[in-house]
Structures are given as structure tokens and as C-alpha cells.
């Protein structure tokens, strides 16, 4: 439920998530081989469970509709609120006659595309701002970091809601709105990395042979901060799924007939006294599974990044 | 301590300043400009022109910003044309209710989270630890509206222990008239924070349990209970205070969802209805108030941290 990435971002506080006895600061990943990271990650059981669950959700949303054909555009008032199993509807139908299982798949596509893309955009933007702040004069650095503070103290959901009422919600606009309220976590983490890396000898070497600041940032700082960026991006995906679902739940997401997990739940709430459980539990369950899967992956990746650090 | 507090306050003021600039930009990004967006589609050209004049919309942006901040400082957050009331009046009426909800949820999650986390740390890798870990992971990943719906389903419809609707009193403290109605919203809002605090407390306590000072205390024959209370808990609490401060935005965001699920008459519900009816002055006013409350919250958390752990002041001074 809480924006995990946001809480984890405060530099001086160790991360909220599981940290065993050796809590190393989130932002201290060094390393050159992504292969090593993958090997370490593969040793983490929960991480693998997360990957399996996530792949399952992706297949469900994108391959499922190829095997299980449903009409998610035209309402069908002859077949309203059917219980699971009735008339070939495995999970029943909702108040507009849409097949619930098919609708979960359709909603999953939007949810996954928007969340992953938003997290990716936020990662790119945040990394650039963070690296720039870490490598700039202290004035620019403080201005950027106070900006980050300001963004962090405005609850994300509020601004996302305000902006969602200003623009017309679509996959693209939601992607940009969510990304624009998520970049600062990554920015703060990457800045920390940049501050550390810029004091290293090889950066000095690069500088002495005449590399300019942009080149150092792109060629040296960002590749070395990649562990931190990947971990924080993963948690951002989880946050984005939740924010998107919240927007849809509040009726501020992409309007019907477009399907969304949050929207399905909000309809389910209206029928809660009628005992139509299939309008609630499947949608709620899949949101939780998706978010937990991504969190497991994030935990596993973070442990992998930190283990590599410990072994040095 | 004094210097540290003053520095933190200055930072807070700076952050609030940037927040106002951001919100001001947001106001001017409204579709069709602020006048058209606030007055609505039905307003005619004369009304729009009058509104623009009254709100100095013709003047340069920096001047407009200063005038707007001047109004804010006088407590004028604008006028809600949808509800024909000043935004300030609307918020003053609703804010206490939301504060009651969030404070109760925060207290509950702190008490539960800290105790669960300590218990897990002591019984590390045992059955209780495992079960609690799985539950807190689930609580962490469950969206507030889902826990809300499950809560209504289970506690209000199946078991009929608590009412599904929040208390509807209209006065500022009206929600306290029917405390039973508060139970479900507070529980639901507290779930995520409890999960987060327990995970944090667990790792924090485990970290402290392996420290030398604990071994020394054990060697001196201090009882386990006392070590936990007087040493481990005390040292692990500081970071929790910071976490609680960081959780303010999360709780306020959670309040929007919780209040909409339970029809709880607080600021979150006000904000949600404003968003649905495109009542921009109210939306923007709530964002400002929430942001300022968040800054104050994290400031308070830092003060508590500094009181709990005086070392933090020296660290801050040196860095």
C-alpha cells in the first residue's frame, strides 16, 4: 500500500524493507557485471517466486485473451451478474455483462504497460537529475535536492489525482503523470551514488585525460549506479500498479469500456451487500499478486546488489 | 539542539516555498486557464473577465505569485464555486476529522508494528516470525481499497461487529460521537503502516541485538526483558520516528481512499468529491494543506528523533 520506493529513498535512513544484520545503505552498489547480479539473484528463492508470479501475470494478461475470447467492448444486459461457471463464464459476469475473467486480462494489459513504462520513464528522468545533481556545483545540487524534498512532501496520489482531472486520462497520459511524480526517489539514490563515484580514482583518471562532465556521467557514473537504479525501478513498478489501481478505483482512470483492476473493484464495492464475491476477490487478488511479485523481485535484486557489495 | 532545530525549520520553510511554486504552476496549467477552469464551462466572457481582474490574472506571473502567496498567508485559499464556500472554511471543517483518523491509525500501527517487530526479532526465524513476515508482506502489497472492502465484507457484513459506514457528525469533532464507526476506517488505514513498521522494527532490532553493548549487558547479567526494553527498543525507536514522519504522505494518500470507501466526512472525501466535480480551488487548497502538514510532520519526527537519540544532532552538525 505505501509508496515503498519513496519511503526507502531517504538517504540517512536505512531501508524499510527487510535488512538482515548488515544493513548497508541502499545506495552503495558497485559492480561491473550484470551477469554476477543475475547469478546472485537466482539464489534468492522469494525473488524467483516473484519472477514466476510476475511472468504468470504477464502471460495471463497478454496470452490469456488469445486462448479465452471475450467481448470487453459491448455491454450485454442479457447476462448481468452471472455467478462463476454460468453460461461459459468461468468467473461470471459483472453488472454490464462483461466476462470477469476476460476483463481481468484486459485490465492487466493496461495496468502492466502503464506501470512498467511509468517506472522506466521515472528511472531515466530520475537518474539524469540525480547524476546531474551529484556532479554539479553545490548550488545547483542543493536547488535540485530541495526540489526533490518538495516533491516528496506532496503526497503523490494527491497530485496524480489533480493532474488526472486536468488532462484526459489515457494510457500515455497516465504513464507520464505517474512517472512525473515518481522520478525523485531514483534521483535521490543516484545522486548519492554520483557523490560517491565522483571521488573515485578512475573518474579522476577519466577527467585527467580530458573527459567532460556529461561523458563522465553517462559513461562512468550511470553504468556503476545501475544496480541501485534497477532496484528502485522495480519498487516503482509496484508503486505504479497501486497508484494506477487507486486512480481507477476512485473513478479517475481511463473511463469505461476500458477495463481496469481498480475500476472492477470499485464496481464490486457497490454490489458488496448482494454477495457478488466474484466481482471483488479475483480483481483484488490479482492486484495483490502483481504487487507482491514485483516486491519480491525488488527484494531479491536489492539483496543481490548488496551481497555483491559485501563480498568486495 | 537549538541550532539543529532552526536549521531543520529553515529547510522546512524552503520546501514549503517550493511547494507553493509547484502548486501555483499547477493552477496555471488548468485547462483554459485558471479563470475558465475555476468558473466552469457555463461562465460567460464578462464573468471570466471580472474573475481575471479580481484575481490579477492580467499581471506578470511573478507578481501574481506574490499576490497569491499574500492571500495564502492571510488564510485565503480561494473560493469553491461548486460548493459556494471558501476553501478555507471547507478545510477547517474537515481537517480535524482526517487528523483524528490518521493520528489514530498512526498510533495503532506504531504500537502494533513495534511490538510485532520486536517479537519477530526475538523469535527470529521461528513460526511467529514466519507468519508475521508473510502477513506483513501481504499487508504491504494490499491496496488500501482492497483491505477496506475485505474489512467491510468480513467485519461489517459477515460478523456484524462494526458498522460499515463511518460516523457522519457534521461538527469538527463529530466523528467522535460514534467511536464504533471509527474502528474499521482506522484499522484499514493502519494495515499498511503496521506492516511497514513491523518489518522496519524487526530489522532494526535484529541489528541492535548483535551489537557489542547488548553482549556487554548480557555479560553483566542484565535480564533479557530489560535488555530489550532499555537498550534494543530505545535504540531502534529513533529511526522508527523518522519512518513515521516519512509515512505522513502515505497516510494522507491512504486517507483519500479510506474516506471514499467508508464515506468518512474528512478532507480526503472532500478532495475526492472535488476531483470528481472538477472543483479546482478545493483540489489545490487540499494539496497545499496536506503538503504543509507533511512538512510539519517530518519536522516533528526529526525533533522526536533528536530527543530520543541526541547523537543525531551532532551527526547533523558535522555533516
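The values are calculated or read from the model by the stated rules, or taken from the named source; none is laboratory data. All figures in this text were calculated on a predicted structure; none of them were measured in a lab. Counting neighbours? That spans all protein chains shown, and the Cβs are built from the backbone with ideal geometry, glycine included.
A few comments on the model shown:
- When we screen B:48, B:63 for residues that are modelled with pLDDT of 75 or more, surrounded by 17 or more Cβ atoms within 10 Å (Cβ to Cβ) and assigned by TED's automatic domain parsing to the domain that holds residue B:23, the only hit is B:48.
- Per the conditions (1) out of contact with any helix residue (DSSP H, G or I) (no Cβ under 8 Å at 6 or more places or on another chain); (2) more than 9 Å from chain A (Cβ to nearest Cβ), the sole criterion not satisfied by residue B:210 is (2).
- Flag if residue A:137 is at pLDDT 85 or above, surrounded by fewer than 16 Cβ atoms within 10 Å (Cβ to Cβ) and out of contact with any helix residue (DSSP H, G or I) (no Cβ under 8 Å at 6 or more places or on another chain): no
- Test: residue in segment B:242-265 that is in contact (Cβ under 8 Å) with a residue 60 or more places away in the chain and over 23 Å from residue B:97 (Cα atoms): yes
- Among the residues of segment A:116-125, none qualifies, meaning not one is more than 30 Å from residue A:265 (Cα to Cα), within 14 Å of chain B (Cβ to nearest Cβ) and surrounded by fewer than 22 Cβ atoms within 10 Å (Cβ to Cβ).
- So residue B:24, is it out of contact with any strand residue (DSSP E or B) (no Cβ under 7 Å at 6 or more places or on another chain), under 22 Å from residue A:180 (Cα atoms) and surrounded by 14 or more Cβ atoms within 10 Å (Cβ to Cβ): yes
- Checklist (1) under 20 Å from residue B:186 (Cα atoms); (2) modelled with pLDDT under 85; (3) away from every other protein chain (no Cβ under 11 Å) applied to residue B:116, failing item: (2)
- Residue within segment A:178-191 that is farther than 16 Å from residue A:238 by Cβ, over 16 Å from the mean Cα position of the chain (by Cα) and surrounded by fewer than 21 Cβ atoms within 10 Å (Cβ to Cβ) present: no
- Residues that are within 14 Å of another protein chain (Cβ to nearest Cβ) and farther than 20 Å from residue B:153 by Cα within segment B:172-186 are absent altogether.
- Test: residue in segment B:187-199 that is modelled with pLDDT of 85 or more, under 24 Å from residue B:143 (Cα atoms), away from every other protein chain (no Cβ under 11 Å) and surrounded by 24 or more Cβ atoms within 10 Å (Cβ to Cβ): no
- Residues in segment A:145-189 that are assigned to a loop (DSSP other than H, G, I, E, B), closer than 24 Å to residue A:128 by Cα and more than 8 Å from every other protein chain (Cβ to nearest Cβ): A:181, A:182.
- The residues on offer are B:251, B:276, and the sole one that is out of contact with any strand residue (DSSP E or B) (no Cβ under 7 Å at 6 or more places or on another chain), more than 24 Å from residue B:191 (Cα to Cα) and within 9 Å of chain A (Cβ to nearest Cβ) is B:276.
- Pairs, first closer than 7 Å to residue A:96 by Cα in segment A:68-80, second surrounded by 10 or more Cβ atoms within 10 Å (Cβ to Cβ), C-beta under 6 Å, six or more apart: A:75/A:96; A:75/A:97; A:76/A:97; A:77/A:97; A:80/A:95; A:80/A:97
- Residue match in segment A:205-225 (condition: out of contact with any helix residue (DSSP H, G or I) (no Cβ under 8 Å at 6 or more places or on another chain), surrounded by fewer than 17 Cβ atoms within 10 Å (Cβ to Cβ), assigned to a helix (DSSP H, G or I) and within 13 Å of chain B (Cβ to nearest Cβ)): no
- Test: residue in segment B:286-309 that is closer than 26 Å to residue A:239 by Cα, touching a helix residue (DSSP H, G or I) at 6+ places or on another chain (Cβ under 9 Å) and outside any helix (DSSP H, G or I): no
- Against the criterion of being within 17 Å of the chain's Cα centre (by Cα) and under 14 Å from residue B:200 (Cα atoms), residue B:233 does not qualify.
- Residues of segment A:249-282 classified as facing another protein chain (nearest Cβ under 10 Å) and either in a loop (DSSP other than H, G, I, E, B) or within 22 Å of residue A:117 (Cβ to Cβ) (or both), total: 8
- Condition met for residue A:286 (within 12 Å of chain B (Cβ to nearest Cβ), outside any loop (DSSP other than H, G, I, E, B) and crowded, with 24+ Cβ neighbours inside 10 Å): no
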